[in-house]
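Structure first, then comments.
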Amino acid sequence: MEIQLSQEIKGQVPDFKLGVIEYKNILVGDSPQMLRGRLQLFQESIYFDLENTPVTELPGVQEWRTIFKKNGKDPNRYRPSVEAIYRRVQKQNYLSSVQSAIDINNFFSLQYQVPIGIYDLECLNGPVSIRFGDEGEEYVGLNGRLNSLERLILSADENGPFGSPFVDSDRAPVSLETKHALQLIYLRPSTDLHNAEKLTESLMNMFVQIHGGEATYHILK
């Protein structure tokens, strides 16, 4: 699928990088015990780390809060999705296993302190653009609320916005019926290209190991 990055984002966030992975012929299901166990243990470890470190001082959270604020979104009202996950862990409201695709998203988001979205490709139409939300744009998110997208970095297809590093819409979630998927990793701008590729490829390989199918990736910058 063709994916384009807006010139405005390039101007506002010069080191912006997006890991893009496209999956074909995957099988989504219950997570294997290995993944469920790693997700649980990792959250317990993070909980103890956060006893001495405020969530907002985590390097990845800090970078994405700065991006939100710079572009006109108050990060105290519109928290990057990775910050929201860390705050849950801080309260010992641990993420439980949902299904294999979501669990991998959450695990890597916590590990690398970056927002990650995954979408059912069959729910998307035409080329995808990564851009800032316009005045009046909004969608119902997976949080069950109507969310304003103005000045948020978002992903949109021919039918409009469907995802963002704040919260994804309820239009294209990956489900147990999903066979083809698009994964977007909102990499930390400070990550150099070599490490951005390593992180993206590592996520892709683990995903295919669990779900089968074929995958390709690239870094959009």
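The values are calculated or read from the model by the stated rules, or taken from the named source; none is laboratory data. Note that the coordinates shown come from a computational prediction; the quantities given were computed from them, not determined experimentally. Virtual Cβ from ideal backbone geometry, glycine too; neighbours counted across all protein chains shown. For the accessible areas, the whole protein counts, side chains as well, though only heavy atoms, and no ligand, DNA or RNA atoms are used. Shrake-Rupley method; radii C 1.70, N 1.55, O 1.52, S 1.80 Å.
Summarised in one figure, the compactness ratio Rg/Rh of region 87-217, Cα atoms and Kirkwood Rh, is 0.95. Radius of gyration over Kirkwood radius for region 1-99, both on Cα atoms: the Rg/Rh ratio is 1.04. Accessible area ranking (1.4 Å probe, heavy atoms, ligands and nucleic acids excluded), largest first, for 218, 180: 218, 180.
The 3J(HN,Hα) values that the Karplus relation (6.51, -1.76, 1.60; θ = phi - 60°) gives for region 40-49 are, in residue order, 5, 4, 5, 5, 5, 5, 4, 3, 5, 4 Hz. Gly and Pro appear as x. A run of the chain free of exposed loop cleavage sites, with GluC sites (Glu not before Pro) counted only in DSSP states other than H, G, I, E and B and at most 14 other beta carbons within 10 Å, reaches its longest extent at 52-134. Charging the Cβ of each Asp and Glu at -1 and of each Lys and Arg at +1, and nothing else, the dipole of the chain about its Cα centre rounds to 540 debye. Taking 0.36 nm per residue of separation and subtracting the Cα-Cα distance, full extension of the segment from residue 47 to residue 170 would add 41.4 nm.
Pairs exceeding 27 Å between alpha-carbon atoms, taken from 24/73; 24/198; 17/69; 10/91; 91/198: 24/73; 10/91; 91/198. For the chain, the square roots a ≥ b ≥ c of the C-alpha gyration tensor eigenvalues yield an a/c under 1.5, which makes the shape rounded.
Taking Cβ atoms as reference points and 11 Å as the exclusive limit, the residues near residue 47 contribute a net charge of -1, counting Lys and Arg as +1 and Asp and Glu as -1. For the chain, calculate the relative contact order in percent as a whole number, restricting contacts to Cα pairs under 8 Å that are 6 or more residues apart. Relative contact order of the chain: 36 percent.
Electrostatic tally near residue 209: other residues with Cβ closer than 14 Å to its Cβ, Lys and Arg +1, Asp and Glu -1, net -2. The Cβ shell under 15 Å around residue 200 holds other residues with a net charge of 0, Lys and Arg each +1, Asp and Glu each -1.
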